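Colleague: Here's a structure for you.
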Amino acid sequence: MVIARSLIIAAFGAVAATPVLGAECSQARAIYGDRDGGYELRFEPVGSESAVTSNHFKIAVLKPGLLLDGVVMPTGEPERATGIVMHNCPTGDVTGEELRACTVWQGPVYSVDKAGAITEIPPETAPAAHQILLPDFGPALRASSAWGKGKAETDSWDAFTLKGCAA
C-alpha cells in the first residue's frame with residue numbers, strides 16, 4: 001500500500017511540467033505549490049462526464065505521498081465557486097454521513113491575480129490564476145481523516161502559487 005502510494009505520487013510529479021508563461025496555461029492544466037513545498041495542487045480537465053463541476057484538481061501531500069481529490073462547483077445565491085477536497089471517499093451510492101467522513105475541506109475557492117485582487121476561480125479553459133486560495137484548508141486538513149501518522153503530518157498553507165503547467 002505504501003509502495004503504491006509512493007508510485008502514484010512519483011507518477012504525479014513526473015508528469016511533464018513546463019515553466020509558466022502567463023496566459024499560455026489554461027486553468028485545467030495549472031500546477032500550484034504551497035509556500036513550504038510540501039503540497040502540490042494540480043488541476044485537470046473536467047471532461048464531458050460532469051455538468052455539475054466546473055474544475056477538478058488533485059492535492060498531493062508530497063511526504064508521505066498522499067493524494068486528495070478535489071472538485072469546484074457553483075453553488076449558493078448569489079452563485080459562487082465552492083470547493084470540496086476528499087480523502088478515500090467510497091464510490092457508488094454514498095450516504096451523507098459517509099461523504100462527511102471523507103471530506104477534508106469544503107469552502108469557497110478564490111483566485112488571486114499578480115496585483116493581489118481576489119476573484120472567482122477561472123473556468124478550466126481560461127488562463128490560469130496566479131494563486132489559488134482555499135480559506136482554512138490547513139486547519140481543516142489537521143482535523144480530517146487525511147491527517148496523522150503515515151498521512152499528512154506537515155501543515156499546509158491556504159494559498160497555492162502557480163509554478164507550472166502540465167503538458
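The values are calculated or read from the model by the stated rules, or taken from the named source; none is laboratory data. Because the structure is a prediction, the values reported are computed rather than measured. Counting neighbours? That spans all protein chains shown, and the Cβs are built from the backbone with ideal geometry, glycine included. Surface areas here come from the heavy atoms of the whole protein model, side chains and all, with no ligands, DNA or RNA. Shrake-Rupley method; radii C 1.70, N 1.55, O 1.52, S 1.80 Å.
Colleague: Mind checking the full-extension length gain between GLU98 and GLU120? Use 0.36 nm per residue of separation minus the Cα-Cα distance, one decimal, nm. Display every interim value, and only then the final one.
Modeller: Details: separation 22, 0.36 × 22 = 7.92 nm, distance 2.90 nm.
In short, 5.0 nm is gained.
Colleague: Would you mind computing the Rg to Rh ratio of the range 35-159 from its alpha-carbon coordinates, Kirkwood style for Rh?
Modeller: The Rg/Rh ratio comes out at 0.95.
Colleague: What residue among GLY96, TYR110, GLN131 has its Cα farthest toward the positive end of the dipole of the range 60-167, where the charges are +1 on Lys, Arg and -1 on Asp, Glu, each on the Cβ?
Modeller: GLN131
Colleague: Right, another one. With every protein chain kept in place and ligands, DNA and RNA left out, what is the accessible area per residue of the range 34-122? Probe 1.4 Å, answer in Å².
Modeller: Heavy-atom SASA per residue in the range 34-122 reads 55 Å².
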